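First the structure, in the form of structure tokens, and then the observations on it.
The values are calculated or read from the model by the stated rules, or taken from the named source; none is laboratory data. Treat the numbers as computed from the prediction; the structure is a model and nothing was measured. Neighbour counts run over all protein chains shown; Cβ positions are idealised from the backbone, glycine included.
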Amino acid sequence: MIIDFHTHFYPEKVAEKAMAHCQGLLQVYSDGTRTGLLDSMGDANVDLSVGLALVNNPENSASVNRWAAQQNHGPICMAGSFHPAESDPAATIRTIANCGMRGVKVHPEYQQFSFEDKTLYPCWEECSSQELFLITHAGFDIMYHPPWHTSPRSLAQFHKNFPKLTLVLAHLGSMTFWDEVEKELAGLPVFFDLAFVTPEYISREQLVRIIRRHGAERILFGTDAPWCSQKKHVEWIDSLPLGGNEKAAIFYKNAAGLLKLEN
């Protein structure tokens, strides 16, 4: 079984625009719709994908989460989102939980916020109270420019401030900051996903070392589809010199636990 913990798709009326926005910077591997993701999953033998919604501005929070809840069925499990600038983000987080979604997605670069902002502390406490995982972009993003809103050190401090929060750090803890990830984050009780962690960005040796240092029981297979090929990423991770139990944990067991899947 394979669970892709980090995918994106969009309503059909905005998918084409979303794909065009990244033209010239990112290669795309589907048309950005739910159907496109399902086709990609079939080609890659991915059994279940986690779709990550993201609120692009405060006014869209209700509609984005309503759409995410509607998409939360079949072989796609959705995570909701909130915008740090909306009037009552804690209420949005409660709505996400009440709709049956298991997690919340945020993006400090896209949404322009810092985890050091104390006015957002009630949001992280609400996620913890509702037993929702929080998945966040971490590190470099090709669509934005430094200075970045996160670093391995700041994320380690965020975990220290909210130790009960189930925290998923996308892109192996901090995209491209691999040495700092090894120093500041590896071994902490947080999850890393493998979205967009491709051979172009990291050596096989360092990737395996980080997985082993952090513990395969806290690594989640993810791709960042449609910006990364699900099929190629499955093959890349499966090619790593890891044991069968380690691969089983990474490909589905850890994700199944966070999603509270019965089978």
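Here is how the numbers come out for the structure above:
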quantity	calculated
Enumerated helices (runs of 4 or more DSSP H) restricted to the range 1-75, each holding at least 1 residues that are at pLDDT 95 or above and touching a Cys at 6+ places or on another chain (Cβ under 6 Å)	61-70
Selection from the range 216-260 of residues that are out of contact with any helix residue (DSSP H, G or I) (no Cβ under 9 Å at 6 or more places or on another chain) and at positive phi	K260
Per-region count, the range 2-55, residues aliphatic (A, V, I, L, M), crowded, with 22+ Cβ neighbours inside 10 Å and more than 18 Å from the chain's Cα centre (by Cα)	0
Considering residues of the range 182-218 that are of a type in the set (D, E, K, R) and within 19 Å of F251 (Cβ to Cβ) only, the residue surrounded by the most Cβ atoms within 10 Å (Cβ to Cβ)	D193
Answer from E200, E205, E182 - the residue that is farther than 24 Å from Q112 by Cβ, acidic (D, E) and in a loop (DSSP other than H, G, I, E, B)	E200
